[in-house]
Amino acid sequence: MNHLFSIGLFIHIIGITCIAGGSIGGLVLESHIWKHIHESPEKVHVLGPLMSKYPVIIQAGTLLMLFSGLLMLGALGWTVAGQWWFIIKMLFVVALVLNGMLVAKPNGLKLRKLVPRLVKGENVKNDINKIKRNMTVFHISELGMLLIVYLLAIFRF
Ligand code: HEM
């Protein structure tokens, strides 16, 4: 049973690394995009295919977290599942996933469609600024919720 828990924890840490690494990589790429989008949109156009790579790393990390979390729960005899810190942690995990699916994904797709139009010289500035605002809200809420999940998992209030 102890081995099962340790294997679960090992995979949990790899999952956290994927989620955090993917999020930070995506943030760096995005800040580069916002910096260049208006004065040299062709640079952003080249970076476009990279934008879909980071979410894949984050999704893989999320699946690893789920699988390893279930493994640890099993190893602990499912007692943790009834504790408040764990229930609240799970609510935040669901909110993190929904935030990615309902805010980040559609806005990322919209941006990828708008960039070629910007390169052609169309006036899509307002739409792009709206996406930038939505993505800022997404990143702030995502990082905030991730921090809460870390705190809940470590301190178990
Ligand atoms: C974004 C998602 C998640 C993050 C950031 C996260 C983070 C953490 C952290 C930092 C720990 C503490 C590790 C330690 O004790 O040294 C932990 C433990 C644990 N997590 Fe997660 N976790 C996530 C998702 C999940 C999910 C989806 C499940 C269950 C399906 C889960 C189940 C557990 C369990 C059972 C423990 C061990 C608790 C104990 O030792 O009593 N986690 N998690």
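Values for this structure:
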quantity: Unique match (being outside any helix (DSSP H, G or I), modelled with pLDDT under 95 and away from the ligand (no atom under 14 Å from the Cβ)) among His38, His45; calculated: His38
quantity: Number of the exception - Trp84 against (1) within 30 Å of His12 (Cα to Cα); (2) under 23 Å from the mean Cα position of the chain (by Cα); calculated: (2)
quantity: Within region 81-136, considering residues that are of a type in the set (D, E, K, R) and assigned to a loop (DSSP other than H, G, I, E, B), the one surrounded by the most Cβ atoms within 10 Å (Cβ to Cβ); calculated: Glu122
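Every residue, every condition in (1) near the ligand (Cβ under 9 Å from one of its atoms); (2) free of Cβ contacts under 8 Å to residues at least 40 places away in the same chain; (3) under 19 Å from Gly21 (Cα atoms), yes or no:
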| residue | (1), (2), (3) |
| --- | --- |
| Pro55 | no, no, yes |
| Thr62 | yes, no, yes |
| Ser68 | yes, no, yes |
| Leu98 | no, yes, no |
| Gly108 | no, no, yes |
| Lys125 | no, no, no |
| Arg133 | no, yes, no |
| Ser141 | no, no, yes |
| Gly144 | no, yes, yes |
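The values are calculated or read from the model by the stated rules, or taken from the named source; none is laboratory data. Keep in mind that what you see is a predicted model, and the values were worked out from it rather than measured. Note that we place each Cβ from the backbone using ideal geometry, even for glycine, and neighbour counts take in every protein chain shown.
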